[in-house]
Structure formats: structure tokens, C-alpha cells
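What follows is a short report on a single structure.
The values are calculated or read from the model by the stated rules, or taken from the named source; none is laboratory data. None of the values given here were measured: they were computed from a predicted structure. Don't worry about glycine lacking a Cβ; one is built from the backbone with ideal geometry, like all the others, and counts go over all protein chains shown.
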């Protein structure tokens with residue numbers, strides 16, 4: 001079995017994820033422009049969150065947290081990996097199909113539980129109708145995630161990373177048709193989602209078959225492997241459930257305020273760009289790599305992999321977080337302020353972006369530390385930590401709402417994110433030296449922070465100087481491009497001078513794929 005090249009995988013997943021997030025920005029720009037913050041968008045956000053919420057149980061969340069390490073170890077030991085994958089596929093197909101059917105029937109109850117503030121106005125019925133259309137997306141995406149896990153474990157990252165791009169392509173195409181024909185944009189948007197799910201499943205299913213894993217629907221078989229899979233996945237599912245409760249609590253609070261669901265959704269999309277490109281990419285690649293190294297007894301290799309993943313992640317995440325904190329209004333106004341979205345919407349979204357920016361490093365660090373547990377098939381303690389974070393999140397979201405209003409969910413999510421990371425980091429100490437960062441990381445991290453602060457100062461200064469240009473609608477994009485250039489030059493220049501990293505390392509990694 002060929003080894004996984006960590007940096008190759010990271011850049012492959014990162015580039016495809018970057019493309020997906022950039023197209024996602026275009027998608028959100030079109031949604032905000034054609035539909036705008038208001039009842040229709042609130043209903044769409046609440047409806048689309050339902051399959052995404054459950055997807056984290058059965059897709060890249062709980063199921064893959066258990067499946068990928070077990071599958072990777074069977075690959076490493078040549079121990080019945082195809083049979084294990086087939087059984088897992090059959091079981092997942094059965095469970096998620098049943099869930100999808102139940103969700104369609106009980107959609108009004110799901111909407112009431114997740115957006116109770118919609119009850120009594122038109123948003124409730126809209127959300128129920130939209131939810132029944134988009135909910136089957138969970139079936140397609142869950143099965144696609146299983147095939148993606150197989151591909152990632154075998155070191156084939158490109159197709160799995162490219163699949164999410166299809167959702168944005170389908171949605172952008174649908175919205176474009178609606179805009180050109182004068183059709184109702186929300187209808188085209190809603191129907192594009194399940195169709196995109198089918199396309200994503202077809203792409204990953206075919207790629208897995210080409211990799212030697214031709215899986216077919218079959219009657220689920222209960223055996224020792226499946227029992228072990230469920231035993232390991234159940235705590236991860238409960239942990240994912242806790243995380244989803246955090247989202248639901250936030251949405252319940254936001255649903256009490258007009259347009260707040262839409263504002264928080266837009267802010268979430270912005271900070272998800274660096275989180276997706278960096279944190280999720282590293283987490284996807286790191287989990288199978290650590291699993292196989294631990295199976296082979298390579299503790300030194302595991303420590304190096306962890307350190308390099310943390311180093312590259314924070315070298316990209318910390319400056320991103322500072323940019324979100326320093327120039328949020330510029331970012332939001334350029335990206336989202338057009339059509340049905342006005343300056344008041346931009347100001348509200350920018351405030352939430354700044355708050356999320358404070359928590360961005362914590363969210364990325366979680367993606368780095370969690371594989372230390374999952375690679376050892378330890379899903380119980382992350383569940384206990386998630387329970388603590390849930391209490392923190394719920395307490396702050398509800399408790400602060402009376403003081404800061406609709407911003408309470410953003411503050412709660414940020415604080416809970418840091419609490420979750422702290423618990424994971426403290427708990428990982430028991431794994432010994434293999435779970436610790438090396439001397440090179442400890443030397444460079446402070447220099448990365450210093451370079452990021454220098455970049456933040458440059459962005460703040462030039463943002464002030466370009467304020468007149470940024471106030472002109474047709475020139476704001478040029479002003480943002482200038483700011484991005486200033487940020488890149490100041491950060492990478494300062495980083496090179498301070499020894500935070502060597503630009504040659506980035507060039508070499510891109511040139512040879514790691």
C-alpha cells in the first residue's frame with residue numbers, strides 16, 4: 001500500500017477546497033443579491049441546515065471518525081478492507097435511507113425544534129416546504145462521504161476534495177438561469193441542491209470503483225466488524241449531536257430577531273473559507289496518515305506529521321483570523337453588498353465576522369488535535385469534551401441574548417470553540433511524545449504570530465488610506481485586491497525575515513506535492 005504524503009494531500013485538498021469556497025462565495029453573493037436577507041433567505045438557511053446537521057452524524061463527522069481509522073488499518077495490514085467497506089456501505093445506506101424517509105414525514109417537527117422563532121409567521125411553512133425538497137441531500141452526501149473516506153485512506157485525495165465543488169457549480173448555474181430568465185430564484189436554488197447531491201455521489205462512487213472498491217447496495221450484515229464500528233462511532237455521533245445542538249441553540253436565538261439567521265449565515269460563510277481550506281484539509285489528510293503510522297508503530301513519524309500539520313495550518317490561519325478582525329467591513333461590503341443586500345446588512349454581517357475571527361484559530365486547532373483521538377479509535381473523550389463545550393455555548397447564547405441580542409450565538413460559538421480546543425489539548429497529553437509538537441514548531445509559532453501582527457498593522461493602515469476608494473461602489477473590488485496584496489506581501493515578507501517560515505518550503509511543497 002503506497003504511503004500517504006502529508007503535504008501532497010494537504011495541498012491537493014487545500015486547493016480544491018479553496019476553489020469550492022471561492023465558488024461558495026460567488027454562490028452566497030448571488031443568493032444575497034437575488035434573494036437578500038429576509039423571510040425567504042431565513043427559510044432557506046434553516047431548511048438547508050437540516051441535512052447539513054444530520055450529515056455530520058453520518059458523513060464526515062461521526063461515521064468517518066470511526067470508519068477511516070478502521071479502514072486505514074485494514075489497508076495497512078491487508079486485512080479484508082474491501083469486505084469491511086462493503087458492509088459499512090450497506091449499513092450506512094439502510095440507516096440514512098430510513099432517516100431520510102422519517103425526516104420527510106416529520107419535517108414540521110424538525111423545523112419547530114430548530115427554528116421555533118419561525119412559528120406563527122410565513123417563514124415556518126416556507127421552511128417546511130424547502131426542507132422536504134433538500135433533505136434527501138443527506139442520503140447522497142453521506143454515501144459520498146463514505147466513498148471519499150475510502151479514497152482519502154488510499155491516498156487519492158483529488159476526487160474526494162473536488163466533489164463539493166459540484167454543489168456550488170450546480171447552485172450558481174441554477175441562480176444564473178433564474179436571473180437571466182426572470183424566474184423565481186429561490187425555487188431554482190432549492191431544487192439544485194438534491195440534484196448536486198446525486199452528482200457528487202456519482203463522482204465519488206465511480207472513483208472508488210476505479211480504486212478497486214466496487215461497492216453495491218446490499219442487505220446489511222451484522223458482524224464483529226460492524227459491532228466495533230458502531231461502538232466506536234456512537235460516541236462520535238453523540239459528540240456530533242452535541243455540536244449540532246450548539247448550532248440549533250444559536251439558530252433558535254437568532255430566529256427571534258429579524259434577518260439575524262441570514263446575517264449569521266453570511267458571516268459563517270466568510271470565516272468558513274480559511275477554516276475549510278486549512279483546518280478541514282489538514283484534518284482529512286492527517287487522520288488516515290496518523291492511523292497508519294500508529295498501526296506501524298511509527299511514533300516519531302506521527303509526531304512529525306502532527307507538527308508539520310499544525311505549523312502549516314497556523315501559518316495560514318492566524319493571519320486569516322487577523323484579517324477578519326481588522327478589515328471585516330471591507331471584506332463584507334465588497335463580497336455581499338449589492339442587490340437586495342444593503343449597508344445595514346453589511347455592518348451587521350461584519351460585526352459577526354469579527355467575532356468569528358477571534359475563534360477561527362480554535363476551530364482549526366480542533367481539526368488538528370481531534371485526529372490524535374480518532375486515530376486511536378478513542379471517540380469517547382471527545383464526546384465528553386463536546387458536552388462541556390455545549391453547556392458553555394448554550395449558556396452564553398441564551399444568557400447573553402438579553403444584552404447583545406442576535407450576536408449572542410456568534411460570541412457563544414467562539415468561546416465554546418476555545419473551550420473545546422483546550423480540553424482536547426489537555427486530554428491529548430496522555431498519548432505521550434507522539435502527540436506533542438516538535439522543537440521546530442515551538443520555535444516558529446511565536447514568529448508566525450509576530451508576522452501576523454505586522455500584517456494586521458499594515459492592513460489597518462492601508463484600509464484607512466483607501467477609505468475614499470472603498471466608498472465607491474465600482475472601485476471597492478480594486479481596493480480589496482490592493483489590501484490583499486498588501487497583506488500577502490507584509491505577512492510573507494515579515495515571516496521570511498523573522499524566520500517564521502521559509503518561502504522555499506512553500507514553493508518546494510507545491511512543486512513536488514510535498
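A few points about this structure:
- Hits in segment 112-145 (condition: outside any helix (DSSP H, G or I) and either modelled with pLDDT under 85 or under 30 Å from residue 74 (Cα atoms) (or both)): 115, 119, 120, 121
Every residue, every condition in (1) at pLDDT below 75; (2) out of contact with any strand residue (DSSP E or B) (no Cβ under 6 Å at 6 or more places or on another chain); (3) in a loop (DSSP other than H, G, I, E, B), yes or no:
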site	(1), (2), (3)
234	yes, yes, no
257	no, yes, yes
263	no, yes, no
266	no, yes, no
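- Out of 207, 162, 153, one residue alone is more than 30 Å from residue 255 (Cβ to Cβ), assigned by TED's automatic domain parsing to the domain that holds residue 252, crowded, with 22+ Cβ neighbours inside 10 Å and within 23 Å of the chain's Cα centre (by Cα). It is 153.
- Single match in 450, 425 (criterion: within 30 Å of residue 391 (Cβ to Cβ) and part of a helix (DSSP H, G or I)): 425
- Failed item, numbered, when residue 228 is tested on (1) part of a helix (DSSP H, G or I); (2) over 21 Å from the mean Cα position of the chain (by Cα); (3) within 18 Å of residue 147 (Cα to Cα): (3)
- Here residue 215 clears all of (1) buried (at least 19 other Cβ atoms within 10 Å of the Cβ); (2) more than 22 Å from the chain's Cα centre (by Cα); (3) modelled with pLDDT under 75 except the condition numbered (3).
- Meets criteria (in contact (Cβ under 8 Å) with a residue 60 or more places away in the chain and either in a helix (DSSP H, G or I) or surrounded by fewer than 24 Cβ atoms within 10 Å (Cβ to Cβ) (or both)) for residue 390: yes
- Single residue of 284, 312 found to be buried (at least 22 other Cβ atoms within 10 Å of the Cβ), farther than 22 Å from residue 415 by Cα and at pLDDT 80 or above: 312
- Only listed residue being within 22 Å of residue 46 (Cα to Cα) and either in the same structural domain as residue 15 (by TED's automatic domain parsing) or not in a helix (DSSP H, G or I) (or both), chosen from 148, 187: 187
- Segment 398-408 - residue that is surrounded by 16 or more Cβ atoms within 10 Å (Cβ to Cβ) and at pLDDT 90 or above and, of those, farthest from residue 272 (Cα to Cα): 400
- Index of the failed condition, residue 445 passing every other in (1) surrounded by fewer than 20 Cβ atoms within 10 Å (Cβ to Cβ); (2) at pLDDT below 90; (3) in contact with a helix residue (DSSP H, G or I) (Cβ under 8 Å, 6 or more places away or on another chain): (2)
- Search result, residues across segment 448-474 that are more than 23 Å from residue 492 (Cβ to Cβ) and surrounded by 15 or more Cβ atoms within 10 Å (Cβ to Cβ): 470
- Odd one out for residue 372 among (1) outside any helix (DSSP H, G or I); (2) in contact with a helix residue (DSSP H, G or I) (Cβ under 6 Å, 6 or more places away or on another chain): (1)
- Residues (in contact (Cβ under 8 Å) with a residue 24 or more places away in the chain and surrounded by fewer than 23 Cβ atoms within 10 Å (Cβ to Cβ)) located in segment 171-184: 172, 176, 178, 179
- Qualifying residue in segment 104-117 (condition: assigned by TED's automatic domain parsing to the domain that holds residue 207, within 30 Å of residue 222 (Cα to Cα) and out of contact with any helix residue (DSSP H, G or I) (no Cβ under 7 Å at 6 or more places or on another chain)): yes
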